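Contents: one structure, followed by commentary.
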Amino acid sequence: MQEFSVALLGWYHKNKRDLPWRKTKNPYKIWLSEIILQQTRVDQGLKYYLSFLEHFPTLFDLAKASEQEVLKLWQGLGYYSRARNLHFTAKFIVNELDGKFPDNYNELLQLKGVGKYTAAAIASFAYDEAVPAIDGNVYRLFSRLFGIYTPIHTTKAQKEFFKIVSELIHEKEAGYLNQATMELGAIVCRPRNPDCEDCPLAFKCWAFEKNKQHELPVKKAKIQIKHRYFNYFIIEQEEGKILHLREQKDIWRHLYQFPLLERKNPLLEEIENFIVERFGTSHLTLSKINETPIIHKLSHQHLHLTFWKVTTDKIQELPKWHCFVNEDNVSKLPVPKSIESYI
DNA sequence: AATACGGGGCA
DNA sequence: TGCCCAGTATT
């Protein structure tokens, strides 16, 4: 392992990308960057990181914000529970931990939204604790390096990799070593077409020697895609278009959308009942805005979106969880990508 | 152990 | 079109 760490650090200091969260030991900034980067590419997350720090320079600023503000800034990044947990945890640290950021792996692990990877990343980057931060890059790198065919999503693999990577991460340069393994995985030991010619570890890489890079890492079969059929109703009033807050335990929780009837090929009568029942209106006319449904793809669902224009008389009172969106507040209401595109 | 949870980039 | 990304929480 000694020769690995020397080669790895040498390569890292020469080739690492210049990223803002690498220039700080501030746990708040490191935590923020790690949450944003979960399942998210650096290119995509970078602007969100900068924008969050601009709006919330410190943990206390974030704790003082409303959830809606936080979700609005997060809009478009996906996996919105990250934003809700981020806000919850900021408030938790300020109110329950006296504003003191947890400073070790086990304490960090207690925080909502912080799992083993993120706890290890913060502990090693900010406090040089010797714990392995194992993300997708590291699984790929080490599975190839040692020819490990254990499917990486199993608990068996978790233990196996934790043990192996632990041997590499020592106290003195824990932060650099963790970042170096991830960086090497991201830049050189890529999923497809790894750049083995430029890899500092190729001299002792099992997959390179056997030319089996493409077989590793082993993953389990993907889950089935579900299809859902969303009918959205655009109801225009003097005050703006009607939106509805998603409250249920489902995608896009706490984001706004148009009033929704989830049904494949709804009857006109069903739609009328839905609108009348919800908004207490009497006369209405309906017309489809898009004849063929727009397919909005999520990682495990395909949403078939049909937008309907609803013309109706004035709605007297908006039901709970509803509001109007107009030019004044459109910049405040968090909405999913599909709705934003429409607006 | 399996599943839910977004959106975008790339070959 | 399918795969993958600085994963975590829930069931």
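The values are calculated or read from the model by the stated rules, or taken from the named source; none is laboratory data. This is a predicted model, so every value here is computed, not measured. No Cβ is skipped: glycine too gets one built from the backbone with ideal geometry, and neighbour counts run over all protein chains shown.
The set of residues in the range A:192-223 that are within 23 Å of A:N15 (Cβ to Cβ), within 16 Å of DNA strand B (Cβ to nearest atom) and not in a helix (DSSP H, G or I) comprises A:R192, A:N193, A:P194, A:D195, A:P217. Of all the residues in the range A:20-47, those that are without any contact (Cβ under 8 Å) to a residue 60 or more places away in the chain and farther than 26 Å from A:K100 by Cβ number 8. Which residues, taken from the range A:273-297, are surrounded by fewer than 16 Cβ atoms within 10 Å (Cβ to Cβ) and not in a strand (DSSP E or B)? Within the range A:273-297, A:N273, A:V276, A:E277, A:G280, A:S282, A:H283, A:I289, A:N290, A:E291, A:T292 meet the criteria.
Condition first: in contact with a Leu (Cβ under 6 Å, 6 or more places away or on another chain), within 16 Å of DNA strand B (Cβ to nearest atom), within 30 Å of A:H170 (Cβ to Cβ) and in the same structural domain as A:S124 (by TED's automatic domain parsing). Can you find one or more residues in the range A:69-84 that meet it? No, the conditions are met nowhere in the range A:69-84. A count restricted to the range A:166-191 and to residues that are within 16 Å of A:H13 (Cβ to Cβ) and either loosely packed, with under 13 Cβ neighbours inside 10 Å or among the β-branched types (V, I, T) (or both) stands at 4. Each residue in the range A:138-164 was checked for being in a helix (DSSP H, G or I) and under 25 Å from the mean Cα position of the chain (by Cα), and 12 pass. Total residues in the range A:164-212 satisfying the condition of being within 16 Å of DNA strand C (Cβ to nearest atom) and basic (K, R): the figure is 3. Can A:E54 be described as over 20 Å from A:T181 (Cα atoms) and at pLDDT 95 or above? When the stated conditions are applied, A:E54 passes them. For the range A:7-100, the helices (runs of 4 or more DSSP H) that sit wholly inside it and include 3 or more residues that are over 18 Å from A:V335 (Cα atoms) are A:27-37, A:42-55, A:59-64, A:81-96. Every test in (1) within 16 Å of DNA strand C (Cβ to nearest atom); (2) under 19 Å from A:E238 (Cα atoms); (3) polar (S, T, N, Q) is passed by A:N326 save one, and that test is (1). Scan the range A:85-111 for residues that are more than 10 Å from DNA strand C (Cβ to nearest atom) and closer than 28 Å to A:K337 by Cβ and the total you get is 4. Of the numbered criteria (1) within 16 Å of DNA strand B (Cβ to nearest atom); (2) part of a loop (DSSP other than H, G, I, E, B); (3) of a type outside the set (F, W, Y), the one A:P319 fails is (1). The listed residues are A:E247, A:E183, and the only one of them that is in a loop (DSSP other than H, G, I, E, B) and of a type in the set (D, E) turns out to be A:E247.
Exactly one residue out of A:N231, A:N265, A:N290 is in contact with a helix residue (DSSP H, G or I) (Cβ under 9 Å, 6 or more places away or on another chain), more than 16 Å from DNA strand C (Cβ to nearest atom) and polar (S, T, N, Q), and it is A:N231. Residues being touching a residue at least 12 places away in the same chain (Cβ under 8 Å), away from DNA strand B (no atom under 13 Å from the Cβ) and in a loop (DSSP other than H, G, I, E, B) are entirely absent from the range A:298-310.
Residues that are closer than 17 Å to A:L71 by Cβ and modelled with pLDDT under 90 are absent from the range A:285-294 altogether.
Of A:K159, A:K116, all but one fail to be of a type in the set (K, R), farther than 23 Å from A:C199 by Cβ, surrounded by fewer than 22 Cβ atoms within 10 Å (Cβ to Cβ) and near DNA strand C (Cβ under 9 Å from one of its atoms); the exception is A:K116. Consider the range A:224-245 and keep the residues that are within 14 Å of DNA strand B (Cβ to nearest atom) and at pLDDT below 90. The one that is surrounded by the most Cβ atoms within 10 Å (Cβ to Cβ) is A:R228. Counting the residues of the range A:1-23 that are closer than 17 Å to A:V188 by Cβ and either surrounded by 11 or more Cβ atoms within 10 Å (Cβ to Cβ) or basic (K, R) (or both) gives 14.
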